[in-house]
Amino acid sequence: MSKLWNVQFGELITRLETCMNSADGFNSLLSQAVKLPNSPLSSAALTIETTCGKPIEIGSAPNDYPNHVTTIHLSGFRHTHARLQLWFRATEEAGNQSTVEKAVGLIRQAFDAWWTPDARSPKSDLPMWTDATKRRGRGALELQRQSGNSLSVIFCDLDNFKVVNNTLGQTGGDRVIARMAEFLEGIVADEGVVVHHGGDEFVIVTPGGADFDAAELASRIIISAKSFDFEAQGVAVGLSLGIASSSGYPNATFEELVRLSDEEALKKLVKTDIETKGSVRICSSHVDTVGAVSFTNPQLATVFIRCSLATNASKPVFSNAWLNALIVAARRAWIGDKPLEEAAKAVTTALAAFRIPLDNTTRSCLPYNGSSCVEPHISGVDVATALARVVFEKCLCGGVIADEEAMLIKQGLDKTQLYVGNQIVFEVNSTASEIVDISLGAPWRVGDKKQEQASDVSLNYSPFILMEIGRNNLSILCDLAADHIVIDDRPVRGGGLPDFWELSLSRLVSSLGRFPNVEQILVVGDQNIASETVDKLHGVDQWDIDYISYKTAVHKDIVKEAQSRLREKTGFFTDEATAAA
């Protein structure tokens, strides 16, 4: 066996010993180790069998028979053994017994580092809340911060557990705890780590998950618990959950996040109110940050969801954690060829788990700006916009809905509806002070757009360029535009320098070449201050191509194409609100 691979695998073991990982995280690390050039393995698969529920699968198993199979005996009452299968590469070294034994030994060390067999609770067969667990949690938090990601903690508490103990006794209470552990592990294992904090309390750690990811996971836990048999013999058993994330507490330690998820989120925001008990809430150090933003024109949602489609799927879309959680729920449900109804159902289900009354507070037009609002205040328009956003995403590279079918949000006094064409695809009860129709237009597809001129530039989905006359604090449109050009028409005399209007026009022409998907130019501000540039944009049909090419130092073929694309595509506005509408 290669000494280099031995050293590299040792680094994997150290990572697992010092950093908490979900099953998916362990699977990713093991797969990377197997694929290393010096690895004697072609594949490795670990299957952790359970006495009830689905097994936990790590690694990948090809269709052919493995070269080696080993059974790892476990001492838990739910997890009795794990089966390790190894496939070796077709090399002479890989066939000898020494290589097999060393490979098995290394993977078993990695498994023990991840599974922590000596630190598992006898009542739940889950990792216990120990100093070693806290150390691995601190390691996971530090790793996520270094990579620019978040780590979230969900504190989970059983409702009515005192009644369970009084009714069923300690034996019955222990049985309910064991069933709760099985239930949580079955939902969470791939995405996070479930730790038995003690008694009827559990801590769920999601490395790499933001507050909205944790909220969506919590909604699935709440909904699934309603149909799970906890063997409480008729005693109602529910779950209340509190969330704290490093995205909301950038300087908090791992132990502080756990404390905050319990004391600030669970005890103060969930358990104290009969209306929220059995639900989930998020605590954060910057709860009111987004609420301070006054620009909340609902029509801006149209601009935002159409222009922010380049946002990475793992990143937040809105500045509201609950809306981002609804997006995650819809994406998770609407996969493959499933109908749109599946996404709509997922949004309705998650919203029911959150128990957030819908009011007049519209936040969907506020793009993510680095901080996430966790206050449970959203409107029916917000919820419909979150689902519409997922429809736009789904339509980018596929049909999904017909080209001529536009989307429309209809806000009534007591309900909000999302239309695709003439069909209502989503409806939610909500309270509003006025009737509003918000036209979202028809989704468009990347496949219909040309990008030959920008093959080395990642596709930008924003359909407009913003030209701002002076500085007007256009906080929303600046974030959404494919490009932002500040117009300044002050003349420059002498020195052979071009006038400022030439620089503005040159940048616009070049920008159109870099962003072939742009369909609209928004010019915002006092047109009198930028009369030279405005005149050129108003009179695009009268452009002297040779003269413009000479003055802007841009090839005349590019200028000619820009002239064609600008024709009847430029809008002039005095402020951000009218431009957005």
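The table below lists the values:
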| quantity | calculated |
| --- | --- |
| Qualifying residue in segment 551-569 (condition: touching a strand residue (DSSP E or B) at 6+ places or on another chain (Cβ under 6 Å), surrounded by 13 or more Cβ atoms within 10 Å (Cβ to Cβ), touching a residue at least 12 places away in the same chain (Cβ under 8 Å) and in a loop (DSSP other than H, G, I, E, B)) | yes |
| Test: residue in segment 520-535 that is among the aliphatic types (A, V, I, L, M), surrounded by fewer than 16 Cβ atoms within 10 Å (Cβ to Cβ) and assigned to a helix (DSSP H, G or I) | yes |
| Qualifying positions in segment 242-261 - buried (at least 19 other Cβ atoms within 10 Å of the Cβ), assigned to a helix (DSSP H, G or I) and out of contact with any strand residue (DSSP E or B) (no Cβ under 6 Å at 6 or more places or on another chain) | Phe254 |
| Cβ-Cβ under 9 Å pairs, at least 6 apart or on other chains, segment 41-52 side acidic (Asp, Glu), far side open to solvent by 30 Å² or more (accessible area, probe 1.4 Å) | Glu49/Pro55; Glu49/Thr80; Glu49/His81; Glu49/Arg83 |
| Filter result (surrounded by fewer than 18 Cβ atoms within 10 Å (Cβ to Cβ) and either touching a Gly at 6+ places or on another chain (Cβ under 7 Å) or of a type in the set (Phe, Trp, Tyr) (or both)) within segment 1-30 | Thr18 |
| Flag for Ala110 being free of Cβ contacts under 8 Å to residues at least 60 places away in the same chain and either under 24 Å from Thr51 (Cα atoms) or open to solvent by 70 Å² or more (accessible area, probe 1.4 Å) (or both) | no |
| Residue that is open to solvent by less than 60 Å² (accessible area, probe 1.4 Å), part of a helix (DSSP H, G or I) and among the basic types (Lys, Arg), where the choices are Arg175, Arg145, Arg179, Arg138 | Arg179 |
| Those residues of segment 358-386 which are open to solvent by 10 Å² or more (accessible area, probe 1.4 Å), closer than 22 Å to Asp273 by Cβ and among the β-branched types (Val, Ile, Thr), in sequence order | Thr361 |
| Tabulated pairs, segment 433-444, first modelled with pLDDT of 80 or more, second open to solvent by less than 30 Å² (accessible area, probe 1.4 Å), C-beta under 6 angstrom, 6+ apart or interchain | Ile435/Gly412; Val436/Gln411; Ile438/Ile409; Leu440/Thr302; Leu440/Ala388; Leu440/Met407 |
| Segment 212-241, residues that are touching a Ser or Thr at 6+ places or on another chain (Cβ under 8 Å) and either open to solvent by 20 Å² or more (accessible area, probe 1.4 Å) or part of a helix (DSSP H, G or I) (or both) | Phe212, Asp213, Ala214, Leu217, Ser219, Ile222, Ile223, Gln233, Val235 |
| Tally of residues being over 27 Å from Glu264 (Cβ atoms) and either surrounded by fewer than 20 Cβ atoms within 10 Å (Cβ to Cβ) or modelled with pLDDT under 95 (or both) across segment 339-357 | 6 |
| When residues of segment 549-581 are limited to those that are among the aliphatic types (A, V, I, L, M) and farther than 17 Å from Ile485 by Cβ, the one modelled with the highest pLDDT | Ala577 |
| Number of the condition not met by Gly209 [criteria: (1) open to solvent by 30 Å² or more (accessible area, probe 1.4 Å); (2) under 22 Å from Phe318 (Cβ atoms); (3) part of a loop (DSSP other than H, G, I, E, B)] | (1) |
| So Glu231, is it on the phi < 0 side of the Ramachandran plot and either among the acidic types (Asp, Glu) or in contact with a helix residue (DSSP H, G or I) (Cβ under 7 Å, 6 or more places away or on another chain) (or both) | no |
| Residue in segment 76-85 that is touching a Lys or Arg at 6+ places or on another chain (Cβ under 8 Å) and closer than 30 Å to Ser247 by Cβ present | no |
| Qualifying residue in segment 49-67 (condition: at pLDDT 95 or above, open to solvent by less than 60 Å² (accessible area, probe 1.4 Å) and touching a Pro at 6+ places or on another chain (Cβ under 7 Å)) | no |
| Identity of the residue in segment 1-34, outside any helix (DSSP H, G or I) and touching a Pro at 6+ places or on another chain (Cβ under 7 Å), that ends up modelled with the lowest pLDDT | Met1 |
| Residue satisfying all of: in segment 98-129; in contact with a Lys or Arg (Cβ under 7 Å, 6 or more places away or on another chain) and assigned to a strand (DSSP E or B); nearest to Thr71 (Cα to Cα) among these | Pro127 |
| Selected residue (only one of Val381, Val347, Val390 is more than 16 Å from the chain's Cα centre (by Cα) and aliphatic (A, V, I, L, M)) | Val381 |
| Matching option when the condition is at pLDDT 95 or above, under 28 Å from Thr272 (Cα atoms) and either open to solvent by 20 Å² or more (accessible area, probe 1.4 Å) or not polar (S, T, N, Q) (or both), among Val203, Val164 | Val203 |
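Listed here are the residues, each with its yes/no results for (1) over 21 Å from the mean Cα position of the chain (by Cα); (2) touching a residue at least 24 places away in the same chain (Cβ under 8 Å); (3) under 26 Å from Cys19 (Cα atoms).
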position: Val235; (1), (2), (3): yes, yes, no
position: Ser245; (1), (2), (3): no, yes, yes
position: Asp262; (1), (2), (3): yes, yes, yes
position: Lys268; (1), (2), (3): yes, no, no
position: Lys271; (1), (2), (3): yes, yes, no
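The values are calculated or read from the model by the stated rules, or taken from the named source; none is laboratory data. This one's a predicted model, so the numbers in the text were calculated from it and none came from an experiment. Cβ atoms come from the backbone with ideal geometry, glycine included; neighbour counts cover every protein chain shown. Accessible surface areas use protein heavy atoms only, side chains included; no ligands, DNA or RNA. Shrake-Rupley method; radii C 1.70, N 1.55, O 1.52, S 1.80 Å.
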